[in-house]
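What follows is a short report on a single structure.
No lab work stands behind these numbers, since they all come straight from the coordinates. Keep in mind that what you see is a predicted model, and the values were worked out from it rather than measured. As a convention, Cβ positions derive from the backbone with ideal geometry for all residues, glycine included, and neighbour counts pool all protein chains shown.
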Amino acid sequence: MLQELKNVNLDRVDEEQMVALVTFGEQLAKSYSDLDLVAPEWVEEKLKVLKRELAARQRDNLEKALKEVQARRETLRTAEEKRNDLDAQAAKLQERLAALTK
Amino acid sequence: MRKSVPAPTEAGLTRNQMVQELARSTHGKLEAYVPTATRAAAEDPEFLGHLIAWNEKNGQVRDSKVALPVVYLAKRKEDDAELLDNALAHMALLDPRNLVRSIHFAHDLKTPGAGLKIRRMVERYLRAREANWAWWERTAVQHRGSLKTLYAMNHIKPNAMADLIVMKGKKPTGTVFEAISQLKTMSPLEAAGTIITRKIPFLIALGALGEKAKDENLVLALIERMTPTELVTNTKMLERMGVKDKPALRSAFEEGLKRAAASKKATLKTTRAAESIDDEKLKAKLEVLQEKQLETMGGVEGNWLVLGDKSGSMESCIETARHIAGLLAKMVKGQVHLVFFDVTPTYYPVTGKTYDEIKKTTARVGANGATSIGCGLMSMLDRGIEVDGIAIVSDAEENTNPLFSKTYKLYSERFGKQVPVYLYKVGHSPAALQQMRSVYGLYANMGVDTLTPSMAADGFDMQTFQLGDDVDYYSLPNLVKTMRTQRYGLSDEVMATPLLTLDAVFA
């Protein structure tokens, strides 16, 4: 685990492994502190890198979930809603055309 | 358990040989299975029956799943109702496209006395799907052409819905067929939602969308619908579509990789896909995926020794030995030792290492010198390292002492057991032979396998995988997977796999 944390490559680890490494890293940092020792710089650095990556992946996951929900919602639109949307689009285009011909 | 037919004698085909021969990929050439499977059908039909069942559960090569039941039907010496039913049941497990392939193959081989049984099986196959709309719809979406062929070539009358959709190509209102035909005219968001909610298969959706498929919402939906194999084989396309840079796509791809990691199907294709990717990040992800898939494959256990021949012109042995060591290191929980030899051994502990790591560690190993396979094993004896199985990668042209068979005898006495020995026999291309002649001149036993006869003369068993002079590295996982630390372990495993019945398939 120590070597894994030291040499962590973000392209080769999944979220599960990252969470495990963060848990280990935090425990390691705490042990240094409990023993009144100064933790090596790399511990803090690796923890930062891992937490940043986890947050980024969490954002990615949320974006994906949102897009999926929006896509599913789109399939539930009624013909009436679609017609209203198209009418609104047509009205906007007519407005722009009218503005150009003035 | 049925009464077992004795395994063939040394004059025939051993059960391990049957499994190993049939674990090879023939790259679509079904007829390549005929010689071995024909002998198996004649010499040990019950084993072939169980092998068909085992292969269906554990095999990675689809062609063998298509070919073996048909070869059994074509080459059986006598009618055994249980084995016949087993072969037909395994044909009935194929998807329509491969069932059509197997029937064409059966026509080519001729299956005397089984033609009507095949036709009846196909009718049950089609009727079972017709009786379950969701199953039938799912099948017809992906295999309309093959279903049409199955109805037509077997003169089976489709039911009304099948006739309308498969034979006449209609798309009834409210069905998924109508939805697919409308994908092109929908907004990208609606099309994406339709693909996800109607579970439209990736290839069908991709074909229906055309150019529109590049839209981010649609790429996301397509990734969701990809099978593990489709995900790895289309990674390059996904890279072009922004899977690396767009957050939602990145997340979908990661999720797809997680699904693929649990799959036992795509291992060979993952290797190929990883090699074709230029982007280092995606390449690393696919390599990790392959390592996970290898761990999932399982089957091989214990501590292993890989003896890699690095004598003159044996470059392909060096590379093959690295691959085999890498595969074993991922598959087994035990230790893996790699020894390269000419007339002196060089030892590398490779437990838990990836192929890439092994390649880096052994980068300076070059091919030259004479051949003493025994010196590799002698080095293990000197170190007191006990293994449960040995894989030799060599041309088997041993010409220098200590000979392997003699050292193997000492090794067996020292540890009180005869561990299984597997020979991955690599051939020489004409160019390599020419080079050897020019470098070393003509020497005794040039081009002659001396290892096999010396092992036989000393009364030791050895399984041989013929790799030829152009090693297909993608087939290696299949071969490695069949290695066992108990001599007859694999054969026992195969025989323990229950035969299948048509009633069980259609239950």
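Observations, loosely collected:
- The Rg/Rh ratio for the stretch B:83-126, using Cα coordinates for both the radius of gyration and the Kirkwood hydrodynamic radius, is 0.91.
- Residue by residue along A:76-86, Cβ atoms of other protein chains within 10 Å of the local Cβ number 1 on average.
- Gyration tensor over the Cα atoms of the stretch B:301-483: the corresponding equivalent ellipsoid has semi-axes (square roots of 5 times the eigenvalues, largest first) of 23, 20, 15 Å.
- Inverse of mean 1/r across different Cα pairs in the protein assembly as shown, Kirkwood, Å: 28.1 Å
- As a rough guide to protection, the peptides A:48-55, B:99-106 ranked by mean Cβ packing within 10 Å, highest first, stand as B:99-106, A:48-55.
- Sequence ranges B:182-194, B:206-218, B:140-152, ranked by mean other-Cβ count within 10 angstrom, highest first: B:182-194, B:140-152, B:206-218
- Cα centroid separation - the stretch B:337-397 against the stretch A:4-46, whole Å: 36 Å
- Those lysines that a straight Cα-Cα span of less than 20 Å connects to B:K236, excepting residues fewer than 8 apart in one chain: B:K212, B:K214, B:K244, B:K246, B:K258, B:K265, B:K269, B:K281, B:K283, B:K285
- Using a Förster distance of 25 Å, the FRET efficiency for B:K170-B:K199 (Cβ separation, nearest 0.05): 0.75
- Evaluated over the stretch A:2-101, the Cα radius of gyration and Dmax, each in Å: 25.7, 80
- Rounded FRET efficiency, nearest 0.05, which uses the C-beta distance separating A:L10 from B:E357 and R0 of 25 Å: 0.85
- Degrees, to the nearest 10: B:62-75 long Cα axis against longest axis of chain B: 90 degrees
- Rounded FRET efficiency, nearest 0.05, which uses the C-beta distance separating B:K236 from B:N154 and R0 of 56 Å: 0.90
- Relative to the 2.2 N^0.38 Å rule of thumb, the stretch B:177-268 has a C-alpha radius of gyration ratio of 1.03.
- Environment charge at B:R240 (Cβ cut-off 14 Å; Lys +1, Arg +1, Asp -1, Glu -1): -3
- log₁₀ of I(q)/I(0) at q = 0.13, 0.16, 0.21 Å⁻¹ - the stretch B:15-167, Debye sum with one point per alpha carbon: -0.58, -0.84, -1.28
- Kirkwood hydrodynamic radius computed over the stretch B:226-299 comes to 12.0 Å, based on all pairs of distinct alpha carbons.
- Lysines with Cα under 19 Å of B:K148, excluding same-chain neighbours fewer than 8 positions away: B:K157, B:K168, B:K170, B:K171
- Within chain B, helix-based [θ] at 222 nm, where runs of 4 or more DSSP H residues each add -39,500 (n - 2.57), nearest 500: -16500 deg cm²/dmol
- Sparse-neighbourhood loop sites, GluC sites (Glu not before Pro) in the stretch B:54-143 - DSSP loop, at most 11 other Cβ within 10 angstrom: B:E78
- Set of lysines near B:K409 by C-alpha distance (under 20 Å), chain-local residues within fewer than 8 positions excluded: B:K417
- Nearest-ten-degree value, helix B:115-130 long axis tilted from longest Cα axis of chain B: 60 degrees
- Partner chain coverage, peptide B:277-289 - average Cβ within 10 angstrom: 2
- Gyration tensor over alpha-carbon atoms, the stretch B:248-353, equivalent ellipsoid semi-axes in Å: 30, 16, 10
- Surface/4 of the Cα convex hull for chain B, nm²: 26.2 nm²
- Counting Cβ atoms of other protein chains within 10 Å of each residue's Cβ and taking the mean over peptide A:33-39 gives 0.
- Summing Lys and Arg as +1 and Asp and Glu as -1 over all other residues whose Cβ lies under 13 Å from the Cβ of B:N368 gives a net charge of -1.
- The protein assembly as shown - share of DSSP beta bridges that are antiparallel (%, nearest 5): 20 percent
- Largest-first ellipsoid semi-axes for the stretch B:331-431, taking √(5λ) over the Cα gyration tensor eigenvalues, angstrom: 21, 19, 13
- Members of B:K333/B:K359; B:K65/B:K292; A:K48/B:K481 lying beyond 31 Å, as alpha-carbon distances in this model show: A:K48/B:K481
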